[in-house]
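Below is one structure, written out as structure tokens; the observations come after it.
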Amino acid sequence: MRAHILFAWLFVVMIGPTAPLHAQSGASDPAAFIGDFSQKGISDILAADIPNNEKQSRFRDMFDQYFDIPYIGRFVLGRYLRLTDEGQRDKFGTLFEDVIVHTWSRRFSEYDGQTLKVNSTVDDGDNGAIVKSQIVGNDGSNIGVDWRLRKRGTTFQVVDVIVEGVSMAITYRQEYSTVISRGGGFDGLLGEMQKQVDNLKGAG
Amino acid sequence: MKIHISGVTSRFASVALVISAALFFSACASRPPADDPFAVAAFEEANDPLEPLNRTLFKTDQVLDTVLVRPIVNGYRAVVPDRGRRSVNNFMNNIRSPITLVHDVLQGEMDRAGVTAGRLVVNTTMGFFGFFDVGEQIGLPYHSEDLGQTMAVWGAEEGPYVYVPLLGPSNFRDGFGFLVDAFLVDPLGWYLGNPRNDLEWAQWGRFGLLLLTTKDATMDATDELNASSLDYYSALRSAYRQIRADEIRNGAPPPLEDFDDFEDFDEMGRISGPGTEGTASVLPESSGIVAQSSASTLAHH
């Protein structure tokens, strides 16, 4: 088992590009898209001299823009998607975004100059690509992060983040499946997510 | 070759026996009724028929963690600086590397076997008995193999999930592999385990140090997972399987079909075909005892 695997999820936004040459080229190629994302993340949020709640709201905007949240949400629901009505799905979508925004933003203050090094791009089916990268820390540590992208018009959106082999989407999917099947059903899951968001808000 | 079964070995073996007995005699989770396909799919995906027992062991482990393990790790962190702990991890990785070498060969990965052999030589000599990872600096990066991974490469299923207090998540295949590696594959294990050498204390010391370095390396990550999950047990099970799958693939990207489900949900509410049951394929085979390869962590550069 490798270092700081899951912890690294929290660092996925704490990254700076080491390929700034591509960053300006917009998002027409997958590596440039990730470079752009990491550069913005670091300059506008992590390294920015603004209060934490402002960081959080900027992160939410970026997250909406760069990630296909409804798509991820549907993947996470998986087979349970058919068991839900539209109201439940909407509620799930809102809560899921809240969970991620609050979970990640708790760690913004720990940013310590990490940078993102984009290594390669692998084809991932018809409309996608996987960008392989590393988060490199000042102490020489590095964490492998793969970004699973899908083409959206002329640009891309992230549909999964895989840190040292652990997929965020799959982990949420399996965990939520357990929560649903242990008794409370889908509304039970929504209730627990709401509680988690409240706790995270309180702690932050 | 005659294998010496020392006192330490036999005590390990009896612990293993007790655990396996507990596994076999405990109540299993009951399979959901067949007319509830969602519950059945979730049950099969979890591949955790011993879940009630595992959750009990998991809770026990969390108590042990609070009262015993965590204070020790915190003490270790307070006394030994980051650099020192990294050196200890390097050392632990180096003395384990003959096991990796054997499994590189058994998996037919001759290039990686060469890397492992090269590392063993340079780290043991220039790296001062392995405390310094010289190999990493000269382009021989660390990796870890074990019998569980070899069996997976040969086509073995992972078997039911098991949670072992102190050691963490595993499954039948990898738990078996861990024991065989420790007692039959590892040359240092033979030597320390030989009663004529009177080195039982070193065998125990090594085991303790393995637990300590493993916990040190994984504690922050698992704490974070705990803090951010609704069901820590389930999140850990999922993450652990994925890590093992990644190790078995030697870091290659997961096969595309594992993510076919992404294609099934192109529009909200419109699900293409009955393919949602395909979720069982989302996770490739995997998993194993946390302890064995994790000392690598801090050493990883």
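The values are calculated or read from the model by the stated rules, or taken from the named source; none is laboratory data. Nothing here was measured: the structure is a model prediction, and the numbers come from that model. Every residue, glycine among them, receives a Cβ derived from its backbone with ideal geometry; neighbour counts consider all protein chains shown.
For the reader, a short list of remarks on this structure follows.
- Any hit, region B:187-205, residues being within 22 Å of the chain's Cα centre (by Cα), closer than 27 Å to A:Ile143 by Cα and modelled with pLDDT of 90 or more: no
- Condition check for A:Arg82: modelled with pLDDT of 90 or more and either assigned to a helix (DSSP H, G or I) or touching a Gly at 6+ places or on another chain (Cβ under 6 Å) (or both): no
- With respect to the stated conditions, A:Val131 fails to be modelled with pLDDT under 90, touching a Pro at 6+ places or on another chain (Cβ under 7 Å) and over 23 Å from B:Arg237 (Cα atoms).
- Search result, residues across region B:189-245 that are facing chain A (nearest Cβ under 7 Å) and touching a strand residue (DSSP E or B) at 6+ places or on another chain (Cβ under 7 Å): B:Ala239, B:Gln242, B:Ile243
- Segments classed as helices (runs of 4 or more DSSP H), wholly inside region B:77-148, with at least 2 members that are within 18 Å of B:Leu184 (Cα to Cα): B:82-106
- Selection within region A:193-204 - in contact (Cβ under 8 Å) with a residue 12 or more places away in the chain, in a helix (DSSP H, G or I) and more than 8 Å from chain B (Cβ to nearest Cβ): A:Gln194, A:Val197, A:Leu200, A:Lys201, A:Ala203
- Residue match in region A:175-186 (condition: under 17 Å from the mean Cα position of the chain (by Cα) and more than 8 Å from chain B (Cβ to nearest Cβ)): no
- Top-ranked residue in region A:34-69 [being in contact with a helix residue (DSSP H, G or I) (Cβ under 6 Å, 6 or more places away or on another chain) and either facing chain B (nearest Cβ under 10 Å) or of a type in the set (Val, Ile, Thr) (or both); ranked as nearest to A:Ser181 (Cα to Cα)]: A:Ile69
- The single condition among (1) small (Gly, Ala, Ser); (2) part of a helix (DSSP H, G or I); (3) within 12 Å of chain B (Cβ to nearest Cβ) that A:Ser109 does not meet is (3).
- Within region B:31-68, the residues that satisfy the criterion of being free of Cβ contacts under 8 Å to residues at least 12 places away in the same chain, within 18 Å of A:Gln174 (Cβ to Cβ) and of a type in the set (A, V, I, L, M, F, W, C) are B:Phe38, B:Ala39, B:Val40, B:Ala42.
- Filter result (in contact with a Gly (Cβ under 9 Å, 6 or more places away or on another chain) and free of Cβ contacts under 8 Å to residues at least 60 places away in the same chain) within region A:143-172: A:Gly144, A:Asp146, A:Arg148, A:Lys151, A:Ile162
- Of the residues examined, B:Glu136 is not one that is touching a Ser or Thr at 6+ places or on another chain (Cβ under 9 Å) and either under 18 Å from B:Gly189 (Cα atoms) or surrounded by fewer than 24 Cβ atoms within 10 Å (Cβ to Cβ) (or both).
- Sub-9 Å Cβ pairs linking a first residue in region B:214-235 that is under 16 Å from A:Val179 (Cβ atoms) to a second residue that is among the basic types (Lys, Arg) and part of a helix (DSSP H, G or I), at least 6 apart or interchain, are B:Leu230/A:Lys195; B:Asp231/A:Arg182; B:Tyr233/B:Arg55; B:Tyr233/B:Lys59; B:Ser234/A:Arg182, ordered by first then second residue.
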